[in-house]
Amino acid sequence: MDAIWETGSSVPMYLIQVPDSSTGSNSVQLLGIPGLASFLYTGSFSGTITGLNQLPQDELPPVEIVFWSFRLMTILGSLFIIEALAGLYLHKSGKLYTSDKYLKLLMWSIPLPYIAIIAGWNVTEIGRQPWLVYGLLKTANGLSSVPTSDVLLSVILISAFYLILMVFEIYLIKKTVVNATGVE
Amino acid sequence: MFDFLTHNTLAVIWFFLWCVIWGVYFIVDSFSLGAGLLAPFIATDKVQRIQIQRSVGPFWGGNEVWLILAVGGTFAAFPLVFSKMFTFLYLPMMLLLIGLVARGISVEYLHKEDNPRIQKALTWGWFVGSLLISLVLGVAFANFFKGLEIALGGVYNGTLPGLFGPYALIGGVLFVLMSTTSGALWINVKTEGALAAKAGDLAKKSTLIVLVLVLVYLAYSFMGIEGFTSNYSATPALYLLPVLAVAAAVLAVFFAKKDRGFPAFCSNLLALLFVVQSGLASIYPYLLKSSVSLEYGIDIFEAASSHMTLSIMLGAAVVLVPIVIIYQLWVYTLFKETIKEAEQVDY
């Protein structure tokens, strides 16, 4: 999740970092906060973290996807907190309902929580690979004997069904907004 | 203190609980499914549609909890059966899932949107969802009673069309019609005005059809399904189950004819319960019976979880199931008033 490649103690956390799994290192790492990564993982600023390069290479998830999904989720999460605080401030100063820019921002923020949720699930599900149950059962060994065509059919079916529901949901959200504001 | 609860005893207790939970699900959801099955046909206008929706609105979610409990209970008590069931019946379970989502969405959104096209689509969504749920479960359980094509080593040779044999189809249609009857009688009891009268008239005919189908289904089970009678021969007291099923179906016809909606409703539920239990009693000790050869089936002792899991869950079930029953009964008393022909929805 934090793309720490080499085992070490007092590991810093970099504010700007681009991991590259092909070289097993970060292609960019800037603005390290000393010992913070160690603290987050072990509870002590001098704690030791086992690096990704010291783990069995066939037991690593795709590092970049997990790394960026986690950042996408936390950045969006922070954005929501800031938006909420901004709303609180505007409410206190009585400008909440007249601040066009803020209200527009909120409207365009409607899809963001969904993206944050999906990114978060990516972190847990992809981050767990190649294990289905960590240390016990690999995903490849957990396959059922259901024919691939059946699985494909079910994926198409449920995706199509959810797509219909999504269209309906967007329609209802729009309707609710129009009903409440009287503005198209 | 609980030394008498050996692993085998616990497995038998959980089989019994499994039958009870599925039985409860079948009867409590039958009227919400039935209301959905009837909605596009007996409601003439929006007022009546909302009457139907309100008659099941506060209840359907609680009813579905029993399905979650039944499936979750299968997973926790008999994990082997859970994995086999969802592997063997992958596509039917998929249809069930879509039915559940469609039903839930439709019934909850029905009164939230005035656009007539959307109302129409949701009414039909409610129908299709309810039909999928009742048909798939009816067909699935008929197949459980008949046995799945499980060969040596637990290899499944069945096909999707193979699941829709005549016996399974009768089971599916029976469950759909019993749910429809249940829904009609519920609407009859729960609403007022023209809708209630129409539903009552419908139930007069449908209880008769159900009685005939119950007789056909039970006769087919006892005469045409291999191994169905073995438990009955060993324990003749079990014959009470099908006898009670038929008796309850007869009572449903009788009460429906006399326009006594509530006793007719209860009789129909009992008929449904005893039909299901007649089938479940026949498969013991198997959960997934094999139609190829009995010894290939998966029995409760082989499928049961560890002794510790079963005991912990038994403790949890003894405490929590009564709580669930109490709060669900409370919901029924809370929304006990009959639904008049008013347009507003106040919850």
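The values are calculated or read from the model by the stated rules, or taken from the named source; none is laboratory data. For clarity, every value in this text was computed on a predicted model and none was experimentally measured. In this analysis, Cβ positions are derived from the backbone assuming ideal geometry, glycine residues included, and neighbour counts consider all displayed protein chains.
Structure values in brief
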| read-out | value |
| --- | --- |
| Sole residue being away from every other protein chain (no Cβ under 14 Å), part of a helix (DSSP H, G or I) and either surrounded by fewer than 21 Cβ atoms within 10 Å (Cβ to Cβ) or touching a strand residue (DSSP E or B) at 6+ places or on another chain (Cβ under 8 Å) (or both), chosen from B:Gly104, B:Gly138, B:Gly61 | B:Gly61 |
| Residue that is farthest from B:Gly99 (Cα to Cα), among those in the stretch B:154-193 that are within 14 Å of chain A (Cβ to nearest Cβ) and touching a residue at least 60 places away in the same chain (Cβ under 8 Å) | B:Gly154 |
| Residue, farthest from the other protein chains (Cβ to nearest Cβ), within the stretch A:152-184, restricted to residues that are without any contact (Cβ under 8 Å) to a residue 12 or more places away in the chain, among the hydrophobic types (A, V, I, L, M, F, W, C) and farther than 21 Å from B:Val101 by Cβ | A:Val183 |
| Output for the stretch B:162-175, where each listed residue is touching a Ser or Thr at 6+ places or on another chain (Cβ under 9 Å) and surrounded by fewer than 22 Cβ atoms within 10 Å (Cβ to Cβ) | B:Tyr167 |
| Residue satisfying condition, being touching a residue at least 24 places away in the same chain (Cβ under 8 Å) and either buried (at least 22 other Cβ atoms within 10 Å of the Cβ) or outside any loop (DSSP other than H, G, I, E, B) (or both), within set B:Leu97, B:Leu10 | B:Leu10 |
| Test set (1) surrounded by 21 or more Cβ atoms within 10 Å (Cβ to Cβ); (2) outside any helix (DSSP H, G or I) - B:Val81 fails condition number | (2) |
| Filter pass, A:Ser144 being farther than 29 Å from A:Lys175 by Cβ and within 14 Å of chain B (Cβ to nearest Cβ) | yes |
| Filter pass, B:Tyr286 being within 30 Å of B:Val155 (Cα to Cα) and not aliphatic (A, V, I, L, M) | yes |
| Selection within the stretch A:21-57 - closer than 15 Å to A:Trp5 by Cα and either in contact with a helix residue (DSSP H, G or I) (Cβ under 6 Å, 6 or more places away or on another chain) or in a helix (DSSP H, G or I) (or both) | A:Ser21, A:Gly24, A:Ala37, A:Ser38, A:Tyr41, A:Ile49, A:Leu52, A:Asn53, A:Gln54, A:Gln57 |
| Index of the failed condition, B:Phe254 passing every other in (1) over 20 Å from the mean Cα position of the chain (by Cα); (2) farther than 30 Å from B:Phe145 by Cβ; (3) in a helix (DSSP H, G or I) | (2) |
| Residue tally, condition modelled with pLDDT under 75 and outside any strand (DSSP E or B), over the stretch A:9-20 | 1 |
| Complete set of residues in the stretch B:90-115 that are modelled with pLDDT under 85 and among the aliphatic types (A, V, I, L, M) | B:Leu110 |
| Condition met for A:Ser78 (in the same structural domain as A:Leu132 (by TED's automatic domain parsing), touching a helix residue (DSSP H, G or I) at 6+ places or on another chain (Cβ under 7 Å) and of a type in the set (S, T, N, Q)) | no |
| Only one of A:Thr124, A:Thr139 that is more than 14 Å from chain B (Cβ to nearest Cβ), of a type in the set (Val, Ile, Thr) and in contact with a strand residue (DSSP E or B) (Cβ under 8 Å, 6 or more places away or on another chain) | A:Thr139 |
